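The numbers here are math on the coordinates, done by the rules we state, and not lab data. Small disclaimer: the values here were computed from a predicted structure and weren't measured. Note that we place each Cβ from the backbone using ideal geometry, even for glycine, and neighbour counts take in every protein chain shown.
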Amino acid sequence: LNIYGSAETTADCAFFEVPPASSPDLSALALCSGFVPLGGPLAGPLGAFQLSLAADGEILVGGPGISPTSTVGTDGLLRSGDVGCWAPGGEMLFLGRHGRCVKVGGVNVDLALVERLLHAHSDVEHA
């Protein structure tokens, strides 16, 4: 199984049952993205997760277990910082991280914002 769960969720939110390496299904998906698919949303004891994409391709996650301190939009969906697309078979594919966003201690950090804050500090000459 390939299990997807952002650090901001307290549970895994998507899964893909990986077929054998010789399977034509896996070969086609690997050629398409270079990654094993994230799959589809999981259902848990508190309800089902929701996976969708923002206009810029960022993976959005909704459902039980989303941390209240996460980057959640007005629609209640977590902005994961991950970029994906839908495969023809309906599986979500992971394509990489959004922009210059990294995860530090389970929190999305925008490196451009860090640079701006460092440049604004009087004791920093170069950032």
Per-pair calculated FRET efficiency, R0 = 25 Å: residue 17 and residue 113 via Cβ, rounded to 0.05: 0.05
Residue 1 versus residue 46: modelled label distance in nm, points set 7 Å from Cα along the beta carbon direction: 1.8
Additional length obtainable on full extension of the chain from residue 127 to residue 97, 0.36 nm per residue less Cα span: 8.6 nm
